[in-house]
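These notes concern the structure reproduced below.
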Amino acid sequence: MLAYLPRPPTDTSRYGTFPQKPDLPVPGVLVKDGGQQAAATAAKRGAPMPNCPSAPRHSGFVAAEPSGPPSRGSLSAQQHRGRPSWCPPPAPQEGAPRLHPLHALSVANIPNSSRGKTSARSSTIPTPEGLQSRRCKLLEEDSPMVQAGKRQRQRYVTKVGKCQVNLGNIQDKKRFLSDIFTTIVDLKYRWFLFVFMMCYIITWVVFGFVYFLDAWVRGDIGHQGDPEWQACIENVDGFVSALLLSVESQRTIGYGTRMVTANCAEGVILLMAQSIVGSMIDAMMVGCMFVKISRPKKRAQTLIFSKNCVISRRDEKLCLMFRVGDLRESHMVDAKIRAKLIKSRQTAEGEFIPLEQSELNLGYDTGEDRLFLVEPQIICHVINRHSPFWDMSAESLRREQFEIIIILEGIVEATGNRCLAAGMTCQARTSYTEDEILWGYRFEPCMSLEKGAFQVDYSRFEMTFEVQTPAASAKELHELKELEQQEHSTLSLYWDHLLQPCALPGP
């Protein structure tokens, strides 16, 4: 349960994927050769430095000379009118050029860490010793051995859809016997066959013993070969003969050498009872076997999910996306998809809730969760105010620990030969952890038009490519957009007022 608690803050600059906001220079600590000392310290510890903020398109600080009045839409005007909580204030230094913060959401063109590339740039901005030592500790915590230990935490649902939950200490187990049919169907095949094999063997042995006991009590065993003796059970001279009679009677083999005669009523009743019990066992086995074979569990193996989730912008909204596909030509009928977020949390009262489940909206209100799964489709979760990822940025994503469970349900399409799985609901599951979410990527198209038909290339099903995506959270993007709209409306009113003709006073 503790594996799903949030991780301690880590220095994500070592991943080389997301732009990092550099540490603010503290007055009194800024020295001339502070950048060289920080770079030498980082080189000794093997830790990459933050990205060099030399280009204006990278996030960080750039040197600028005092300029004229700000233009419309500039960030300098935003600083006078209001600044989001996540935007760092400038720290001017005397005797040095002023530092103006760039756009906090600009993305640096840095290779992604998932492709095994690291940034080769070095920062010229000095770092205080306290922050530098804390960064080194965090980098030591993010060593390969520690990261490998974190990745080995227990998953709630595996990638193939198996739930990793074991039920134990069940006291009232008689509930399983009350629903014996479902209990038998849920058994594995080896236990399923063992149960019915033992049912047949036990009934054969029990009725064989009763046949032998009846023949021994009536004296049929002692009068074998006597033509004048009216036997109840003929040609039974021991327990093995009685067992063969039981098997022949229950399986309706009828070899004709051993049989029950009409000289005793108990033999007839015993034969009728065995026939009824044998028919019940046959019906139970056929029914359970039919249901077990027709359960469309194997059908779920042809429903595939992408290995990773991606986060990027779509229609000016930050979205979490993954891809699903169906490998069979017989399609799923009324396919529906939903997602659950599994994450432990602690309430304000101190209560610890392990593995809390929350719903991720995949288009339930608009009907987008109902799929016509003919070709691979990209499922999108819009990160809005109601999303649990609303205030989660690219940096904080690495510190969180959660699991996204994807559930795809549908009815197996009935074919011409009326397959066993026709009309039964199939469910396919998979999961994504925070390490399997790629920030700033999209899925490559895998569909093309060839010879009058659409061709799906499943070799490109898992392929992604990097796109320019803000590293800030959706909440920060929304605050910035509102700030820009507010500034635009204020400046528009100001310019409209200036353009109005001046009213001259009267005589």
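The values are calculated or read from the model by the stated rules, or taken from the named source; none is laboratory data. All figures in this text were calculated on a predicted structure; none of them were measured in a lab. Virtual Cβ from ideal backbone geometry, glycine too; neighbours counted across all protein chains shown. Remember, those area values only see protein heavy atoms, side chains included, never the ligands or the DNA or RNA. Shrake-Rupley method; radii C 1.70, N 1.55, O 1.52, S 1.80 Å.
Given R₀ = 51 Å, what would the calculated FRET efficiency be for R385 paired with N169, taking r from the Cβ atoms and rounding to 0.05?
Working from the Cβ atoms, E equals 0.80.
Within the accessible area of region 193-303, what % is carbon and sulfur when the probe is 1.4 Å and the other protein chains stay in place?
Exposed carbon and sulfur together represent 70 percent of the surface.
Counting only heavy atoms of the protein chains, get the accessible area per residue of region 164-210 (1.4 Å probe) and round it to a whole Å² value.
81
At a probe size of 1.4 Å, how large is the accessible area of R385, to the nearest 10 Å²?
150
Excluding ligands and nucleic acids, what accessible area in Å² is computed for D315 using a 1.4 Å probe, to the nearest 10?
130
Which residues does a label at D282 reach in region 241-274, if reach means a backbone N under 13 Å from a point 7 Å past the Cα toward the Cβ?
Answer for this model: 248-254, 274.
Provide V206, V260, V324 ordered by accessible surface of protein heavy atoms (probe 1.4 Å), highest first.
V206, V260, V324
For region 185-294, what is the convex hull (Cα atoms) projected area averaged across all directions, in square nanometres?
Mean projected area of the Cα convex hull: 7.3 nm².
Using the structure shown, select from K188/K343; K340/K481; K159/K451; K159/K343; K162/K340 the pairs with a Cα to Cα distance greater than 26 angstrom.
K188/K343; K340/K481; K159/K451
Using a 1.4 Å probe and counting only protein heavy atoms, arrange W390, W229, W191 so the residue with the most accessible area comes first.
The residues order as W191, W229, W390, largest area first.
Give me the number: length gained by fully extending A348 to I378, i.e. 0.36 nm times residue separation minus the C-alpha to C-alpha distance, one decimal in nm.
Extra length from A348 to I378 when fully extended: 7.1 nm.
I'd like the per residue volume of the convex hull spanned by the Cα atoms of region 316-431, given in cubic angstrom.
Enclosed volume per residue, from the Cα hull, is 140 Å³.
Ignoring ligands, DNA and RNA, what percent of the 1.4 Å accessible area of region 368-474 is carbon and sulfur?
50
Taking amide H positions as placed in the peptide plane 1.01 Å from N, state which residues far from L318 in sequence (5 or more) or on other chains have amide H under 5 Å from it.
Those lying under 5 Å, H to H, from L318 are I383.
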